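Notes follow once the structure below has been shown.
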Amino acid sequence: MSLTLDAKKAIVDEVAQVAAVAHSAVAAEYSGLTVEEMTKLRVEARNGGVYLRVVKNSLARRAIDGTEFECMKEELTGPLILAFSKEDPGGAARVIDSYAKANKKLVVKVVSLGGKLLSPSDIKAVASLPTKDQAISQLMSVMKAPVEKLARTMNEVPGKLVRTVAAIKDQKEAG
């Protein structure tokens with residue numbers, strides 16, 4: 001059954017809204033996946049904060065028009081599932097990459113990050129990007145290191161004085 005014009009417009013609007021706020025996108029060919037396998041992929045995506053949708057390529061091209069994922073337009077061919085990362089840049093890549101490792105029928109075709117089209121082999125690099133919490137944690141540890149070093153240095157001055165006085169005292173008692 002074909003979609004009505006209103007249904008097509010609704011799909012384009014929905015995907016365009018997600019693409020407008022997404023950090024990254026991955027398109028993968030899903031030929032040969034069973035319904036159960038697709039359901040499992042959708043659950044993993046939902047748990048990872050990833051928007052996952054099978055959309056006709058012509059509708060997907062219209063939806064990503066005017067977004068930073070416009071660079072993907074020419075690559076959208078064949079039966080593809082679109083994954084948009086809503087929470088962190090590596091989310092979609094992590095979900096698709098981990099699922100593709102377990103199921104060879106899911107083949108990555110397009111990866112886009114920051115308005116740039118990346119090679120499908122770059123999915124591992126995008127998947128290894130830290131989550132928001134991990135990035136904040138790394139930043140805080142970098143910011144905290146100089147303060148800790150200053151505190152240790154400042155603490156060392158009186159400690160060295162105490163050790164010097166103790167050594168002099170021990171030397172006088174021994175001599």
Which residue pairs have Cβ atoms under 6 Å apart, sit 6 or more places apart or on different chains, and have a first residue in the range 1-27 that is under 28 Å from V95 (Cα atoms) and a second that is assigned to a helix (DSSP H, G or I) and not aliphatic (A, V, I, L, M)? V12/R62
In this structure, does L118 turn out to be at pLDDT below 85, assigned by TED's automatic domain parsing to the domain that holds E37 and touching a strand residue (DSSP E or B) at 6+ places or on another chain (Cβ under 7 Å)? yes
Has the range 119-127 got at least one residue that is within 23 Å of V21 (Cβ to Cβ) and in contact with a Gly (Cβ under 7 Å, 6 or more places away or on another chain)? yes
Name every residue in the range 28-61 that is part of a strand (DSSP E or B) and buried (at least 16 other Cβ atoms within 10 Å of the Cβ), in order of residue number. A28, E29, V50, Y51, L52, R53
Can you tell me which residue among L117, L150, L106, L139 is under 30 Å from E36 (Cβ atoms) and not polar (S, T, N, Q)? L106
Yes/no for V111 being of a type outside the set (D, E) and either assigned to a helix (DSSP H, G or I) or not assigned by TED's automatic domain parsing to the domain that holds A16 (or both): no
Inside the range 33-84, can you point out the residues that are in contact with a strand residue (DSSP E or B) (Cβ under 7 Å, 6 or more places away or on another chain), more than 17 Å from H23 (Cβ to Cβ) and either aromatic (F, W, Y) or free of Cβ contacts under 8 Å to residues at least 12 places away in the same chain (or both)? R42
All but one of (1) at pLDDT below 80; (2) touching a helix residue (DSSP H, G or I) at 6+ places or on another chain (Cβ under 9 Å) hold for Q134; which doesn't? (2)
In the range 75-93, the residues that are in a helix (DSSP H, G or I) and either crowded, with 21+ Cβ neighbours inside 10 Å or among the hydrophobic types (A, V, I, L, M, F, W, C) (or both): G91, A92, A93
From the list A166, A125, A145, A151, which one is assigned by TED's automatic domain parsing to the domain that holds E87, surrounded by 10 or more Cβ atoms within 10 Å (Cβ to Cβ), free of Cβ contacts under 8 Å to residues at least 40 places away in the same chain and among the aliphatic types (A, V, I, L, M)? A125
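The values are calculated or read from the model by the stated rules, or taken from the named source; none is laboratory data. What you see is a predicted model; the values in this text were computed from it and never measured. All Cβ positions, glycine included, derive from the backbone under ideal geometry; neighbour counts span all protein chains shown.
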